[in-house]
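One structure, pasted below without further comment.
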Amino acid sequence: MLIIKGKHRRPSKAVRVATLAGVAGAAVAVPLMGATSASAASVATWDKVAQCESGGNWSINTGNGYYGGLQFSNSSWAAAGGTKYAPRADLATKSQQIAAAERLLALQGPGAWSCAGAGGLTSGGPSPDLNTSAPVTKSAPAKSDAAVKRTPAAPKHESAPAAPKKNQGHGNYTVKAGDTLAKIAKAHGTHWKAVYAANKSVIGGNPNLIFPGQKLNV
């Protein structure tokens with residue numbers, strides 16, 4: 001004969017009667033152990049019980065030997081058939097825990113929970129509408145080949161602005177490749193400084209830097 005102990009340790013009158021009847025060899029205890037619609041409670045009621053038992057945390061595991069929102073011990077979880085959902089109550093869904101609690105309620109009555117009074121738990125409530133199937137974890141959509149292979153486009157490099165054109169001048173002598181101010185001045189019987197002074201606006205600040213095509217006054 002099943003006697004469930006643990007947190008849900010205060011057996012209801014039905015369990016006590018069943019135990020005594022088992023000792024006496026009577027069969028009247030059998031109907032008391034069956035789960036019927038008379039031994040049920042609404043989801044809202046179970047929520048209130050869980051709020052009192054665990055603060056409403058359906059996946060709680062503090063290491064004290066009681067698990068889930070309704071604080072099942074492992075023995076009471078197994079006795080209520082909860083192991084078909086998960087090894088421990090805290091690993092099961094809320095609906096699965098309530099489904100097991102419904103069976104425990106039928107076996108032990110509301111006295112199995114110390115918070116039965118706070119939650120208004122009785123054996124005569126409506127059967128809850130439960131979905132005890134395991135939750136389906138949605139996988140992230142696969143990336144298309146185009147999305148995987150696409151790489152950021154290389155930034156477009158803007159071309160550097162063209163160097164400003166040198167002042168070509170309007171003089172009587174056109175600079176040729178290999179010319180220097182000294183060579184030009186010697187060819188015209190003057191000094192390079194005089195040529196530079198006359199063409200400073202064309203040559204710029206460096207007298208050693210002249211360009212083919214410039215027209216200098218000599």
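How much length would be gained if the chain were fully extended between Lys84 and Leu209, taking 0.36 nm per residue of separation minus their Cα-Cα distance, in nm to one decimal?
35.6 nm
I would also like to ask the following. Which length gain, in nm to one decimal place, applies between Thr174 and Ala118 when the Cα-Cα distance is subtracted from 0.36 nm times their residue separation?
Taking Thr174 through Ala118 to full extension adds about 9.3 nm, to one decimal.
Sticking with this one: Multiply the residue gap between Leu130 and Ala197 by 0.36 nm, knock off their C-alpha separation, and tell me the result in nm, one decimal place.
Contour length minus Cα-Cα distance gives 13.9 nm.
Read-outs throughout are calculated quantities, based only on the coordinates presented, and are distinct from any laboratory measurement. Owing to the predicted nature of the structure, the values given are computational and were not obtained by experimental measurement.
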